[in-house]
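Structure first, commentary second.
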Amino acid sequence: MKIRIALAVSALALAASPAALAVGKPEGTPSHGGGHANGHGAAGGPGVSYTPGEEGSPPGPKAPLPEKAKAYGVYCRGESKQHEKGKKGTAFSRCVTNMAQAGVHEEMAPGRVCKGESRKRSEEERQARPRPKGTPFSRCVHDVVTLRRQERKKAREEAREEREKEHEEAEGG
């Protein structure tokens with residue numbers, strides 16, 4: 001009896017798999033894999049999805065390197081590139097990851113971006129001379145704030161240049 005049930009279940013599974021493949025992806029599912037199982041798009045809201053090529057939107061994970069190059073390591077110059085026992089990656093790589101996350105999620109608070117960083121100095125940091133300023137968490141928050149400040153400054157400059165360009169066209173035309 002158990003064998004018959006197992007055969008019936010396996011026959012149904014084999015019959016259903018080609019039908020499931022023929023159906024394809026549901027409408028609205030992003031082709032780049034950014035959708036989540038809960039039906040929300042990459043931005044978190046229902047019906048909101050990332051479309052590659054949008055102006056000002058972050059590049060996808062499969063985008064070529066020049067599109068993704070943001071030089072977040074500039075903000076992490078002082079971080080160590082030596083591996084620490086019990087931690088994933090180096091302090092530098094964690095900092096770069098946090099900066100990239102802050103760049104993509106502009107609405108996320110700096111403290112939340114740096115949530116995984118330690119709020120205490122490691123033994124090496126306590127004994128190092130000259131001692132690095134602050135804890136890994138506070139340095140991360142400072143770097144995120146600096147990144148956001150520079151992004152706002154760049155946006156203001158671009159808007160000013162655009163206004164000047166429109167003003168010149170209005171006077172000349």
Quick check for you: which residues of region 123-138 have the amide N under 17 Å from the point 7 Å beyond the Cα of residue 115 toward its beta carbon? 137-138
Cβ-based net charge around residue 133, under 11 Å, with every Lys or Arg adding one and every Asp or Glu removing one: +2
Please order 125, 158 by the number of other Cβ within 10 Å, starting at the fewest. 158, 125
Please report the relative contact order for region 65-173, taking Cα pairs under 8 Å with a sequence separation of at least 6, and give it as a percent rounded to a whole number. 20 percent
Treat every Asp and Glu Cβ in region 65-173 as -1 and every Lys and Arg Cβ as +1, leave all other atoms uncharged, and give the resulting dipole magnitude about the Cα centre to the nearest 20 debye. 1240 debye
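Any read-out appearing in this document is the output of simple, stated calculations on the displayed coordinates, not a laboratory observation. Treat the numbers as computed from the prediction; the structure is a model and nothing was measured. All Cβ positions, even for glycine, are placed from backbone atoms using ideal geometry, and neighbour counts span all protein chains on display.
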